[in-house]
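The values are calculated or read from the model by the stated rules, or taken from the named source; none is laboratory data. What you are looking at is a predicted structure, and each value in this text was computed from that prediction instead of being measured. FYI the Cβ positions are ideal-geometry reconstructions off the backbone, even for glycines, and counts take in every protein chain you see.
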Amino acid sequence: MFLSRDGELSESDLILPWQSWLSDCCKKFGDAPRRIDRVTENRLLVHPPWLTKLRLGDSLAKLIQDSTLRNLFRNGRLAWGHVVQANQDLFEPVPPTDSYVYDRPGEILFSPFTSEAVSPEYLQPIAHKIGSLRRADGLDPELQSWANYLNAETIRVVGKPVPMRFSSSTACFVSTTLFRRSYLPDGVLYSPVLPVIVAPEPPFFAIPLPCIYWPQSLLDWWSKTG
């Protein structure tokens, strides 16, 4: 079962240093093309045991292939992401077993193009509008395709363009991603807002930036939102 987390941003959240936090992430992560040592790479690559159960051609299987992840970590750009939908297990503490067994998929909203990162307060109402399509009736064909995708909970998308009526000034996209427990502080999806690594060109694969590259102030804020 999947849950949609709209994650309303409070008034105090609106003055948070989003741009500064993302800049700090960029400094810690480094400029592309990045060189990642073998030990770190082995920690970052994803090999969940259920990988072999994914059907041939599944874009989630493609995302977590070593070649795709290596390209993301080497050449990807950083942006703010906002969760549209995620497996409910991610909001619960990590079970006391190998955490990768409990990695779960979800849908992430982002905008990869602008020179200055699109802020979470811009993404939040868009994520809310998209998530609300699950419960909507009488939709036109464009929005119905979104509703069908969200309700199915098994359809994967990579760089699905957000309808212009939801974001007329900035191109935004949604991609299916994998929320790896070891990438998240405490292994829990405390907040719908987090930095993500996005492929520099289509298809826009995206995955959360591992928390080892987050500044301490962002880690502190994230943990307090849970």
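Details
- Within region 146-164, the set of residues being of a type in the set (Ser, Thr, Tyr) and either under 21 Å from Pro112 (Cβ atoms) or at pLDDT 95 or above (or both) comprises Tyr149 only.
- Given (1) at pLDDT below 85; (2) over 19 Å from Ile155 (Cβ atoms), number of the condition Leu56 does not satisfy: (2)
- Candidates in region 146-186 are the residues that are without any contact (Cβ under 8 Å) to a residue 24 or more places away in the chain and basic (Lys, Arg); of these, the one that is nearest to Thr68 (Cα to Cα) is Lys160.
- Test: Val101 is among the hydrophobic types (A, V, I, L, M, F, W, C) and at pLDDT below 90: yes
- Only one of Leu139, Leu133, Leu189, Leu123 that is more than 20 Å from Lys28 (Cα to Cα), free of Cβ contacts under 8 Å to residues at least 12 places away in the same chain and touching a Phe, Trp or Tyr at 6+ places or on another chain (Cβ under 9 Å): Leu139
- Qualifying residue in region 129-139 (condition: within 26 Å of Ser67 (Cα to Cα) and among the hydrophobic types (A, V, I, L, M, F, W, C)): no
- Counting only helices (runs of 4 or more DSSP H) that fall entirely inside region 40-157 and contain at least 1 residues that are β-branched (Val, Ile, Thr), the qualifying elements are 66-75, 120-132.
- Scanning region 181-226 for residues that are within 13 Å of the chain's Cα centre (by Cα), of a type in the set (A, V, I, L, M) and not in a loop (DSSP other than H, G, I, E, B) yields Val193, Leu194, Val196, Ile197, Val198, Ala206, Ile207.
- When restricted to residues that are touching a helix residue (DSSP H, G or I) at 6+ places or on another chain (Cβ under 7 Å) and under 20 Å from Gln216 (Cα atoms), region 18-43 contains 5.
- Applying the criterion of being free of Cβ contacts under 8 Å to residues at least 40 places away in the same chain and among the small types (Gly, Ala, Ser) to the residues of region 17-72, the residue that is farthest from Leu184 (Cα to Cα) is Gly57.
- Output for region 139-160, where each listed residue is out of contact with any helix residue (DSSP H, G or I) (no Cβ under 9 Å at 6 or more places or on another chain) and either surrounded by fewer than 13 Cβ atoms within 10 Å (Cβ to Cβ) or of a type in the set (Gly, Ala, Ser) (or both): Asp140, Pro141, Glu142, Ser145, Ala152, Thr154, Gly159
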